[in-house]
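**Student:** Handing you a structure now.
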Amino acid sequence: MPQGRLYIVSTPIGNLEDITLRALDTLKKVDYIACEDTEHSLKLLNHYGIKKPLISYWSQKEKVRAEEIIQKIKSGNNVALITDAGTPGISDPGAVVIKRAIEEDIEVIPIPGPSALTAALSISGLPSDEFTFIGFLPVRQSQRRKKLLELSSERRTLVFYEAPHRIIQSLYDMLEVLGDRYVAVARELTKIYEEVVRGRLKEVLEKLENSKVAGEYVIVLEGASESQTNLDEAVRKVKELIKKGKGRKEAVKVVSELYGISKRELYEKSLKEI
Ligand code: SAM
């Protein structure tokens, strides 16, 4: 018997009607549906009258389940993989079984559809010709700030996923580490309480602090401006000179003249980072 195929099927991020005809057709035709959480996916499958044997495929059990799925496909079954919302593999499980399928020469077929990433980016008002998807920032504040600092020279639009109980703190960290940039915070996209708050970080924070923070969020943040990038580069130069034995004041003087930026601004930024 020829081996089956693995279908990577995107499902709605809230509104159950956001599913493609091809996704429904695929879910109806496959032999098994592997779900991140079977109970969650049953709501969608029942809504469309789809009854199939389900395989529970969640991140802690990803390796074991991946092997079971590969065996099923090798013995001729077609399997669809879905997650709780959106596109599998985008901050969701999926990578392990996809990699294994490719290793086993199994055909992996995408059935594209919604993702919170593209939905939020598309209505953010920020450049989307080039962007950087970060997904979830680290939970620990020190790690989160470190990650943001690493991103401080990134000129492309940045897209983050965030949990509701961390959204305010993460936006504060962005303000402190990256400055008062333009941001679009998209909440509960495609659902009843869909809302997008746009503006500079400070004003968006003010609005959020005065409203109920709940649900699912995507943060779309403006990339670094040319002057910010120059400042970051200048700080790196100052760091190099200090390492070579120059005093901070002297290093800042030389570099600020080289980059044509304010001595005071460079001195203060260098104090924060070095
Ligand atoms: N695979 C999904 C996708 O393609 O978008 C993402 C899964 S990830 C585990 C869940 C995160 O996606 C949430 O914490 C939130 O940041 C974002 N998200 C999912 N659905 C959303 C929605 N309806 N509105 C806003 N953000 C959403």
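**Student:** Report, by residue number, each residue of the range 198-222 that is in a strand (DSSP E or B) and surrounded by fewer than 16 Cβ atoms within 10 Å (Cβ to Cβ).
**Tutor:** Across the range 198-222, the qualifying residues are G199, R200.
**Student:** Looking at K29, K74, K51, can you tell me which residue is of a type in the set (K, R) and over 24 Å from I102 (Cα atoms)? Break it down stepwise before answering.
**Tutor:** Details: K29 fails: over 24 Å from I102 (Cα atoms); K74 fails: over 24 Å from I102 (Cα atoms).
Just a single option satisfies the conditions, and that option is K51.
**Student:** Would you check which residues across the range 152-182 are open to solvent by 20 Å² or more (accessible area, probe 1.4 Å) and in a helix (DSSP H, G or I) and list them?
**Tutor:** The answer is P164, H165, R166, I168, Q169, Y172, L175, E176, V177.
**Student:** Being on the phi < 0 side of the Ramachandran plot, within 16 Å of the ligand (Cβ to nearest atom) and under 19 Å from the mean Cα position of the chain (by Cα) is the filter here, so list the residues in the range 192-229 that pass it.
**Tutor:** E194, E195, V196, V197, R198, A214, E216, Y217, V218, I219, V220, L221
**Student:** Using the structure shown, decide if L149 is away from the ligand (no atom under 16 Å from the Cβ), in a helix (DSSP H, G or I) and either touching a Leu at 6+ places or on another chain (Cβ under 6 Å) or under 30 Å from V235 (Cβ atoms) (or both). Steps first, answer last, please.
**Tutor:** On the way: away from the ligand (no atom under 16 Å from the Cβ): yes; in a helix (DSSP H, G or I): yes; either touching a Leu at 6+ places or on another chain (Cβ under 6 Å) or under 30 Å from V235 (Cβ atoms) (or both): yes.
It is true that L149 is away from the ligand (no atom under 16 Å from the Cβ), in a helix (DSSP H, G or I) and either touching a Leu at 6+ places or on another chain (Cβ under 6 Å) or under 30 Å from V235 (Cβ atoms) (or both).
**Student:** Also, quick follow-up: May I ask you to list the residues in the range 244-273 that are in a helix (DSSP H, G or I), modelled with pLDDT of 90 or more and among the basic types (K, R)?
**Tutor:** Passing the criteria: R248, K249, K253, K263, R264.
**Student:** Please identify the pairs in which a residue from the range 112-124 that is within 16 Å of R156 (Cα to Cα) and in contact (Cβ under 8 Å) with a residue 60 or more places away in the chain has its Cβ atom under 7 Å from the Cβ atom of a residue that is more than 9 Å from the ligand (Cβ to nearest atom) and part of a loop (DSSP other than H, G, I, E, B), counting only partners at least 6 apart or on another chain.
**Tutor:** L121/S128
**Student:** Out of all the residues in the range 93-113, is one or more more than 16 Å from the ligand (Cβ to nearest atom), at pLDDT below 95 and outside the structural domain of G135 (by TED's automatic domain parsing)?
**Tutor:** No: zero hits.
The values are calculated or read from the model by the stated rules, or taken from the named source; none is laboratory data. Model, not experiment: these values are computed from the prediction. Counting neighbours? That spans all protein chains shown, and the Cβs are built from the backbone with ideal geometry, glycine included. Remember, those area values only see protein heavy atoms, side chains included, never the ligands or the DNA or RNA. Shrake-Rupley method; radii C 1.70, N 1.55, O 1.52, S 1.80 Å.
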